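The values are calculated or read from the model by the stated rules, or taken from the named source; none is laboratory data. Being a predicted model, the structure only gives us computed values, none of them experimental. Cβ: placed from backbone, ideal geometry, glycine included. Neighbour counts: every protein chain shown. Heavy atoms of the whole protein, side chains included, go into the accessibility calculation; ligands, DNA and RNA do not. Shrake-Rupley method; radii C 1.70, N 1.55, O 1.52, S 1.80 Å.
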Amino acid sequence: MRRLGLRTRVAAAFAVGALLLSASMALVSYELTRRSLLEDRERIALRAAYFDAAVVHAGLDTDSPDVVEVLRSLDTGGNRRPVLHLNGEWYARTADPGTTTAIPAELRRIVAAGEPAVQRVRVAGQPALVVGVPLSASAAYFEVNSLRELEQTFQVLALALTTVAVLVAGSGAALGWYATRHGLRPLTAVADAAGKIAAGDFTARLTPATDPDLTRLSSSFNQMVDQLARRIERDRRFAADVSHELRSPLQTLAAAASVLARRREHQDDRTAMAAGLVAAEIDRFQRLVNDLIDLARSDQPAHRAPVDVVELAEEACHAYDLPVGVVQLAPEVPPTWHVERRRIAQVLANLLDNAVTYGAGPAAVRLCRDGGSGVIEVDDDGPGVPVEDREAIFDRFVRGRAAHTRGAGDGTGLGLALVAQHAAAHDGHATVVDRPGGGARFRVTLPGSLP
């Protein structure tokens, strides 16, 4: 599972924190408001019940009281329903057995014992508040107060607080995204500078005055780049100096080897064989020195110019005694590319040398396109890249390692590293994958080389 980015994680943390805070405040606010409204409603219901109970008690204090008329004389509105329990009988203004049955038995027992009581119940599925007031030993007055409007108020309040909590969470996410965008801006500058350095631009630096809190990071980063640039330049100069110093003795050895080769008929078989081995190793050593010199100067940007790449590929095939028929130009791809001739010639030569040395020769040299990028593909019709060697091959090809991984041969081991370096000089890249049908496919992409 792919890990979320830092900005997304921070924004999510802000959103979750804001949601938890707003939800907690909403719950506390809801509970305090609910409790306060219920207590106020109970006080109002008690006051009204005591007043109505006094009216009922006065109406019953006659010789022949009309209980129903007394109850009808009460101004209870539509939210209060009066009920009287007198001498074991229930009386109400209208026939409503559901009201009397909703009065809890425990509440009746407390009121019958001479104590007023209050209890919240549900009548016909709706919330209600029952208030009981004792009138005498044989009479008790009850009022059932509907809490439906209050419950609707609670629902509206809950919806409003939930909406506020969601909005606060969204605002927290937006704030987190905004904060990380501005907070990570200095790190974006570091990433941009690191990308330029990785691409070979060692002049990229950070401005120490960009952010006072990151002055130490900027200074340390710039010092690291300075030291890295100096070390790379020192290594490059060392490789170039050593290679140039080796050229003179190698030329002398090559001249001596050529003299021995010309006098081969005057030598016995053992001496001739030894002379041939020496000449072959000298030739290989010379190619190694030339590759080292090219590597030492391959980090410079490519000097592009119009080049007939088809002709260049055919010349490379002639150099390796290969048929020019292996060169294939894809339809609608122009033969002239905007590249540096010397570098592309060496790319083709090194890929062909790799195919001839380590495989069964190139099955095809394809010149195609990927958008505005020219693509060179060389198919190796050999056994392919062994699974256990792919990582090493990829390291050598892409990151410039010169290890031998596919067996002994006449190559220097730097050919694929040069291919990757020349591709990078064109702001491109090189890859190696399995060839369909067997073998390996080496692919070099050169951005901006095609119209």
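For region 125-147, give me each residue that is among the hydrophobic types (A, V, I, L, M, F, W, C) and in a strand (DSSP E or B).
Of everything in region 125-147, those that are among the hydrophobic types (A, V, I, L, M, F, W, C) and in a strand (DSSP E or B) turn out to be Ala128, Leu129, Val130, Val131, Val133, Ala139, Ala140, Phe142, Val144.
Give the residue, chosen from Leu277, Leu260, that is in a helix (DSSP H, G or I), within 29 Å of Leu418 (Cβ to Cβ) and not small (Gly, Ala, Ser).
Testing whether each residue is in a helix (DSSP H, G or I), within 29 Å of Leu418 (Cβ to Cβ) and not small (Gly, Ala, Ser) leaves just Leu277.
Given the conditions (1) of a type outside the set (Ser, Thr, Tyr); (2) touching a His at 6+ places or on another chain (Cβ under 9 Å); (3) not assigned by TED's automatic domain parsing to the domain that holds Tyr91, and given that Leu135 satisfies all but one, which numbered condition is not satisfied?
Checking Leu135 against (1) of a type outside the set (Ser, Thr, Tyr); (2) touching a His at 6+ places or on another chain (Cβ under 9 Å); (3) not assigned by TED's automatic domain parsing to the domain that holds Tyr91, the one that fails is (3).
Please determine whether any residue of region 148-165 is assigned to a helix (DSSP H, G or I), under 29 Å from the mean Cα position of the chain (by Cα) and at pLDDT below 90.
Yes, region 148-165 has at least one match.
Residue by residue through region 92-118, note down the ones that are part of a helix (DSSP H, G or I), open to solvent by less than 40 Å² (accessible area, probe 1.4 Å) and out of contact with any Phe, Trp or Tyr (no Cβ under 7 Å at 6 or more places or on another chain).
Gly98, Thr99, Leu107, Val111
Filtering region 255-287 down to residues that are acidic (Asp, Glu) and free of Cβ contacts under 8 Å to residues at least 12 places away in the same chain, which residue is least open to solvent (accessible area, probe 1.4 Å)?
Asp268
Sort through Val121, Val68, Val55 and tell me the only one that's open to solvent by 20 Å² or more (accessible area, probe 1.4 Å), free of Cβ contacts under 8 Å to residues at least 40 places away in the same chain and within 30 Å of Met25 (Cα to Cα).
From the options Val121, Val68, Val55, the qualifying one is Val121.
Residues checked against (1) modelled with pLDDT under 80; (2) within 30 Å of His426 (Cβ to Cβ); (3) in contact with an Asp or Glu (Cβ under 8 Å, 6 or more places away or on another chain):
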site: Val168; (1), (2), (3): no, no, no
site: Gly172; (1), (2), (3): no, no, no
site: Gly183; (1), (2), (3): yes, no, no
site: Ala189; (1), (2), (3): yes, yes, no
site: Ala198; (1), (2), (3): yes, yes, no
site: Asp201; (1), (2), (3): yes, yes, no
site: Ala209; (1), (2), (3): yes, no, no
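Given the condition among the acidic types (Asp, Glu), out of contact with any Leu (no Cβ under 9 Å at 6 or more places or on another chain) and assigned to a strand (DSSP E or B), answer yes or no: does some residue in region 75-89 qualify?
Yes: region 75-89 contains one or more residues that are among the acidic types (Asp, Glu), out of contact with any Leu (no Cβ under 9 Å at 6 or more places or on another chain) and assigned to a strand (DSSP E or B).
Looking only at region 335-357, count every residue that is buried (at least 21 other Cβ atoms within 10 Å of the Cβ), aliphatic (A, V, I, L, M) and part of a helix (DSSP H, G or I) and tell me the total.
Summing the residues that are buried (at least 21 other Cβ atoms within 10 Å of the Cβ), aliphatic (A, V, I, L, M) and part of a helix (DSSP H, G or I) in region 335-357 gives 6.
Being within 30 Å of Leu27 (Cβ to Cβ) and surrounded by 17 or more Cβ atoms within 10 Å (Cβ to Cβ) narrows it down to one residue among Ala128, Ala139; which is it?
Unique residue meeting the criteria: Ala128.
Please go through region 349-369 and give me each residue that is of a type outside the set (A, V, I, L, M) and at pLDDT 80 or above, ordered by number.
Asn350, Asp353, Arg366, Cys368, Arg369
Which one of these is over 14 Å from Val419 (Cβ atoms), of a type in the set (A, V, I, L, M, F, W, C) and assigned by TED's automatic domain parsing to the domain that holds Val378: Leu329, Leu352, Leu348?
Leu329
When both residues are 6+ apart or on different chains and their Cβ atoms are under 7 Å apart, which pairs have a first residue that lies in region 71-91 and is free of Cβ contacts under 8 Å to residues at least 24 places away in the same chain, and a second that is surrounded by fewer than 20 Cβ atoms within 10 Å (Cβ to Cβ) and of a type in the set (Ser, Thr, Tyr)?
Matching pairs, first to second residue: Leu71/Tyr91; Trp90/Thr100.
I need a count of the residues in region 2-16 that are in a helix (DSSP H, G or I) and among the basic types (Lys, Arg).
Residues that pass the stated criteria total 2.
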